Each structure stands twice: as C-alpha cells, then as structure tokens.
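Taking it in order: structure first as structure tokens, then the write-up.
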Amino acid sequence: MPDKNIVSWTAMIGGFAWNGLYEKALQLFIEMMRVSDAQPNGETFVSLVYACGGLGFSCLGKQVHAQLIVNSWGIDDYDGRLHRGLVRMYSGLGIMDSARNVFESNLKDSDDQCFNSMINGYVRAGQLARAQELFDMVPTRNKVATQ
C-alpha cells in the first residue's frame, strides 16, 4: 500500500493485536512512528493496551497509559473501550491498585467486562475479600459477558 494513513496502520496493528500477535502489533506501531507522519488515535491505543497486556509488558503498558494522559485522550472515548482495555490490562498484569484507579475513575463505563476483569484480577492476586466486595457491587446480575 503506497499511501498508508492512520486508518490503515491502525487496522494492521489491531489485526495483529486481536489475533494474539502482540509483538508484531508493537513492532508495527514502532515502525509507524518511525517512518510515517500518522499520529496514533484512540483505536491505535486500544490495540496497544491489548498487546501490552497480552505480552505481560507492564512497563510499556504504563507508558501507553501515560501517553493517553499526556495527549489528553479521555479513557471514556471510543465507547469506553480505552477504559475497559486499561482495566483489563492492569488487572491481567496483577497491578490491582492501578486497575482499581482506572475502574473507579470512570465508573459509569465500568460494565460487566470491567467488573469481570477486576474480580478475576483480585482472585488471581489472592485478594478474595476485595473480589467479593466488587462482586456484590455488580449492577447487572445473571448476565454472561460477551467478550
């Protein structure tokens, strides 16, 4: 493709990330930043957060989160996908204080997926009382998460 723009870059980065090719997603992002004038958008960041969580790269995940803040990207942008992605990443990495901070920073977007990520993170971290506390707060009962 001769003229790559942010849409084509992000489509490829997302395709790699969402199919478990996390390293390829990160490599392509680095290439985009090196050779292109394209600037990442919220969709790009959603895929990067997912890739960082999949690889277990907590340091890089925190850097991506910092870039969201520095560039004034609201975590409630993109239908709450940035919010859910950050909660999933931090809880999956066992960084429960950060996961909880993100979770509570935008509680209105904390849907069943966020609650599940938080509860699972607390259980994996052995913080069963906190998992139970959060389970008791779940607004929608008897619903199976779809993602």
Exercise for review: In a Gaussian network model over the chain where Cα atoms closer than 10 Å are linked, find which of ASN116, ASN101, ASN71 has the largest mean-square fluctuation.
Suggested key: ASN71
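Counting only helical runs of four or more DSSP H residues, what would the 222 nm mean residue ellipticity of the chain come to if each run contributes -39,500 (n - 2.57) and the total is spread over all its residues? Provide the component values of the computation, followed by the final result.
Details: 8 runs with 99 residues, N = 147.
About -21000 deg cm²/dmol.
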Check your understanding: Going by how many other beta carbons lie within 10 Å of each one, how would you line up ILE95, ILE69, fewest first?
Key -> ILE69, ILE95
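For MET89, MET96, MET32, which order do you get if you count the other beta carbons within 10 Å of each Cβ and list the fewest first? Present the calculation step by step, with values, prior to reporting the outcome.
Numbers: MET89 28, MET96 18, MET32 21.
In order of increasing Cβ crowding within 10 Å: MET96, MET32, MET89.
If each residue's Cβ is checked for other Cβ atoms within 10 Å, how do LEU28, LEU60 rank with the fewest at the top? Could you put the intermediate results ahead of the total?
Working: LEU28 21, LEU60 15.
Lowest to highest Cβ neighbour count: LEU60, LEU28.
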Point to revise | Cα-centred dipole magnitude for the chain, charges only on beta-carbon of K, R (+1) and D, E (-1), debye, nearest 20 | key: 340
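The numbers here are math on the coordinates, done by the rules we state, and not lab data. Since we're looking at a predicted model, the values are computed, not measured. Cβ sites come from the backbone with ideal geometry, for glycine too, and all protein chains shown count toward neighbours.
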